[in-house]
Amino acid sequence: LSGVPGFPLPSIHTQQAYDPASDFTSRWTRADALQIKAHSSTSVAVGQNSMPAQLTMPNIPADFPQTSPDVWIWDTWTLIDKHADQFSYNGWEVIFSLTADPNAGYTFDDRHVHARIGFFYRRAGIPASQRPVNGGWIYGGHLFPDGTSAQVFAGTTYTEQAEWSGSARLMNVHGNTVSVFYTDLAFNRNANAGNITPPVAVITQTLGQIHADFRHVWFTGFGTHTPLLRPDGTYYQTGQQNEFYSFRDPFTFEDPQHPGVNYMVFEGNTAGDRGTPNCTEADLGYRPNDPHAETLQEVLDSGAYYQKANIGLAIAENGSLSKWKFLPPLISSNCVNDQTERPQMYIKDGKYYVFTISHRTTYAAGVDGPDGVYGFVGNGIRSDFQPMNYGSGLVLGNPTDLNTAAGTDFDPNPDQNPRAFQSYSHYIMPGGLVESFIDTVEGRRGGALSPTVRLQIAKSASVVDLRYGNGGLGGYGDIPANRADINIAGF
Ligand code: FRU
């Protein structure tokens, strides 16, 4: 076995499947994540891309078009069924996005506390080359009636309330009931945006109906919002344990190995009080006698234990998906990274891929990687997941110089690659197509849909398909349905 000279070997992960209800949590270890640095070039000019080209999203041009003049848009998802197939409805493609008003007096970076779920539609079945350059999405407005998502916080004290990411599930093909799973948020903040009390995040369900005629798409319902899950403090960290906790981004699916059973993956953090220095040798994941292994004491001394993300799992307790029970996390990344966001389960050729998005700035001390998509493969929904691509986990990063300090999207390091924050919040669609939103390209802020790219995924490896679209970049906001829902009653 040979690794990269000067670096430890990745941890051994068998991909073995476990009972989804069992308490086996696989680990994205420091030994795994260090493979990203191991495969980053140390000899590129400052501000270039140091990452392997086949794991890098091609450059988004700085003259990208806006998706909509009316709203900033970021996290975006599609209308899916229990197998994550993407449906058009009576001839219209539909997407759901977090949106905020660009003319309301706050900045793009302050959008999160104002987020509302909006929807867009366009005619199905038109190739990207025949669409308007921005993808041709028509803005349909907010998805939920005003005030309805605030129901969950009735009687509590908050200063802002927002709708964060989730997923939209078509409950029956040939029907029009849509179940939206999303993160309902209430903030209680002072004038400096500090927390008076921790934000309250509740994974919530609301049911509505989709409608379409020859001119447009609209929704009814979404008047009743049912809280499903709040973090338990045992598997999933609470706001009381850490005011910076993450608990959000529900994605539901049925496991073909367990027909009729519905599961949900979501973003969480390992439970326990913030700042408790309790990562373990298993979180480090070094092989016995690896000469490049860190000691546990070195890692704890670095403060890496402030970063403890996990990917959560819950199981539905009824067919209407309104009652859920926590199961132990699928993957933890203690002392590795603090955020594993918008997780999804992607099933292909009998393999189960957990894809998630993460940031360079949420890595723990001593480990590093670009903003983008990370992937883990196993033989079932709960597995000893193997991080993809050299055991590292990296699947699709923004062009980034890992030798140069990150900066941020709102305060860029002038020496960093001007596309290190070009895109985020990627979602992997059928056929390996990947949609995301544009954050910052050469200092120009986005709030628009990125060009779609395509991944070729085989076993534990993936590459960006540079023959797709124009040098690897497809149409802006090209988010096609791969299935059609024809609801006769809806015509
Ligand atoms: C990812 C994300 C999600 C969250 C949303 C809030 O871009 O952090 O986890 O739901 O943004 O804006």
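What ranking, highest mean first, results for peptides 86-92, 287-293, 129-135 when packing means the other Cβ atoms within 10 Å averaged over each residue?
On the way: 86-92: 21.4, 287-293: 11.7, 129-135: 14.1.
Going from most to least packed, we get 86-92, 129-135, 287-293.
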What spacing in nm lies between the two simple spin-label points modelled at residue 112 and residue 48, each 7 Å away from Cα in the Cβ direction? 3.4
Rounded to whole Å, give me the distance from the Cα center of the stretch 78-135 to that of the stretch 369-442. 21
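Take every DSSP beta bridge with both residues inside the chain and express the antiparallel ones as a percent of the total, to the nearest 5. Mind showing how you got there, number by number?
Details: 107 of 115 bridges.
Within the chain, antiparallel bridges account for around 95 percent of the total.
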Which whole-Hz couplings ³J(HN,Hα) result when phi for each residue of the stretch 268-280 is put into the Karplus expression 6.51 cos²θ - 1.76 cosθ + 1.60, θ = phi - 60°, listed in order with x for Gly and Pro? x, 10, 4, 5, x, 5, 4, x, 7, x, 10, 5, 10
Cβ-based charge dipole, the stretch 1-160, positive-most Cα from 3, 113, 16: 3
Would you list, by chain and number, the lysines whose Cα falls below 20 Å from the Cα of residue 308, excluding same-chain residues fewer than 8 positions away? 37
Distant-in-sequence amide H partners of residue 50 (H built 1.01 Å from N, under 5 Å): 400, 401, 402
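What full-extension length gain, to one decimal in nm, is calculated for residue 261 and residue 12 as 0.36 nm per residue of separation minus the Cα-Cα distance?
Contour length minus the Cα-Cα distance gives 86.6 nm.
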Place +1 on the Cβ of every Lys and Arg and -1 on the Cβ of every Asp and Glu in the stretch 1-160, take the dipole about the Cα centre, and give the residue among 86, 57, 148 whose Cα lies farthest towards its positive end. 57
Relative contact order %, the stretch 360-484, counting alpha carbon pairs below 8 Å whose residues are six or more apart: 18
Under the classification rounded if a/c is under 1.5, otherwise prolate if a/b is larger than b/c and oblate if not, where does the chain fall, given a ≥ b ≥ c as square roots of the Cα gyration tensor eigenvalues? rounded
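Which FRET efficiency, nearest 0.05, do residue 126 and residue 361 yield, Cβ-Cβ r, R0 41 Å? All intermediate terms of the calculation are to be shown ahead of the outcome.
Values: r = 38 Å, r/R0 = 0.94.
Working from the Cβ atoms, E equals 0.60.
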Can you give me the long-range amide H partners of residue 262? Hydrogens built in the peptide plane at 1.01 Å from N, cutoff under 5 Å, separation of 5 or more residues or another chain. 316
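Taking the Cα centre of the stretch 344-417 as origin, work out the dipole magnitude from +1 charges on Lys and Arg Cβ and -1 charges on Asp and Glu Cβ, in debye rounded to 20. Intermediate results must be reported in sequence, preceding the final value.
Working: 4 positive and 8 negative charges, 93 e Å.
It works out to roughly 440 debye.
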Under a plain spin-label model, where a point goes 7 Å from the Cα along Cα-to-Cβ, how far apart in nm are residue 24 and residue 211? 5.0
From Cα pairs below 8 angstrom and at least 6 apart in sequence, can you work out the relative contact order of the chain, rounded to a whole percent? 22
Collect residues whose amide H, placed 1.01 Å from N in the peptide plane, falls under 5 Å from the amide H of residue 337; neighbours closer than 5 in sequence don't count. 309, 364
Ordered by packing density, taken as the mean number of other Cβ atoms within 10 Å over each peptide's residues, highest first, how do 408-414, 94-100, 364-370 rank? 94-100, 364-370, 408-414
May I ask you to sort 402, 313 by Cβ crowding, counting other Cβ atoms within 10 Å and putting the fewest first? 402, 313
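Please rank 30, 248, fewest neighbouring Cβ atoms within 10 Å first, as an exposure proxy.
Arranged by neighbour count, lowest to highest, 30, 248 become 248, 30.
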For a footprinting-style exposure proxy, rank 93, 281, 160 by other Cβ within 10 Å, fewest first. 281, 160, 93
How many nm separate the modelled label positions at residue 174 and residue 240, each set 7 Å beyond the Cα in the direction of the Cβ? 5.0
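Please go through the residue pairs 325/459; 82/323; 82/351; 82/348 and name each one whose alpha carbons sit more than 23 Å apart in this structure.
On the way: 325/459 31 Å; 82/323 17 Å; 82/351 17 Å; 82/348 14 Å.
Those over the limit are 325/459.
Readers should treat all values here as calculations from the given coordinates under stated rules, not as data from a laboratory. Given the structure is predicted, the values throughout are model-derived calculations rather than measurements. Glycine gets a Cβ as well: all are built from the backbone with ideal geometry, and neighbour counts include every protein chain shown.
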